[in-house]
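Everything on this sheet refers to the single structure shown next.
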Amino acid sequence: MKTVRTPMIPLALRIALGAIFIYAAIPKIADPVAFAGSVAAYRILPYFWSYVTAAVLPFLELACGVLLICGIRVRSGALIIGALNVVFMAALSAAMVRGLDIDCGCFRQEGAKTSPWVALLRDAFFLAMTVVVLRHERLRAR
């Protein structure tokens, strides 16, 4: 019988990524109207879709975070998180190019603003974490 070793770094990254996305989802779920305002500030979606996004996105982040922490459907959760990070990075880049002075709306809905550059670098780091998790899952599946 073949045993599969689970290296500690991909496991730690998977759990950390799951915890980060759960942590990001909680304030959005608690205050969907404020999060809808953050989404609307990007001026990408029509106003109605900002509210739809604010209603759906936090629960998607929460579900994917739980999947990663529990080790269930890890590839699916990581792929969705990776896709979300690409979308977040594109939206942040578009806002920066258009000179919009907005808060990313990532982890809190009020308080001090997060620099778009900091948020962009943070999302790039999360995307790199996702790639490591996906590569590990692909190798584990073999």
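The values are calculated or read from the model by the stated rules, or taken from the named source; none is laboratory data. Only a predicted model underlies this, so the values are computations on that prediction, with no experimental measurement involved. When we count neighbours, we look across all protein chains shown, and the Cβ atoms used for this are built from the backbone with ideal geometry, even at glycine.
So for segment 90-105 (the condition being part of a loop (DSSP other than H, G, I, E, B), within 15 Å of the chain's Cα centre (by Cα) and either buried (at least 18 other Cβ atoms within 10 Å of the Cβ) or among the aliphatic types (A, V, I, L, M) (or both)), does at least one residue qualify?
Our first condition is that a residue be part of a loop (DSSP other than H, G, I, E, B); within segment 90-105, this holds for 98-105.
Those left that are additionally within 15 Å of the chain's Cα centre (by Cα): 104-105.
Next cut, either buried (at least 18 other Cβ atoms within 10 Å of the Cβ) or among the aliphatic types (A, V, I, L, M) (or both) only: 104-105.
Looking through segment 90-105, at least one residue is part of a loop (DSSP other than H, G, I, E, B), within 15 Å of the chain's Cα centre (by Cα) and either buried (at least 18 other Cβ atoms within 10 Å of the Cβ) or among the aliphatic types (A, V, I, L, M) (or both).
Of the numbered conditions (1) touching a helix residue (DSSP H, G or I) at 6+ places or on another chain (Cβ under 9 Å); (2) surrounded by 14 or more Cβ atoms within 10 Å (Cβ to Cβ); (3) closer than 25 Å to ILE15 by Cα, ARG122 satisfies every one except a single condition; which is it?
(1)
For a quick check of your reading: which helices (runs of 4 or more DSSP H) sit entirely within segment 1-85 and have at least 3 residues that are over 13 Å from the mean Cα position of the chain (by Cα), within 30 Å of ARG140 (Cβ to Cβ) and at pLDDT below 95? Walk me through how you get there before you give the answer.
Values: elements: 8-30, 32-41, 47-70.
Correct list: 8-30.
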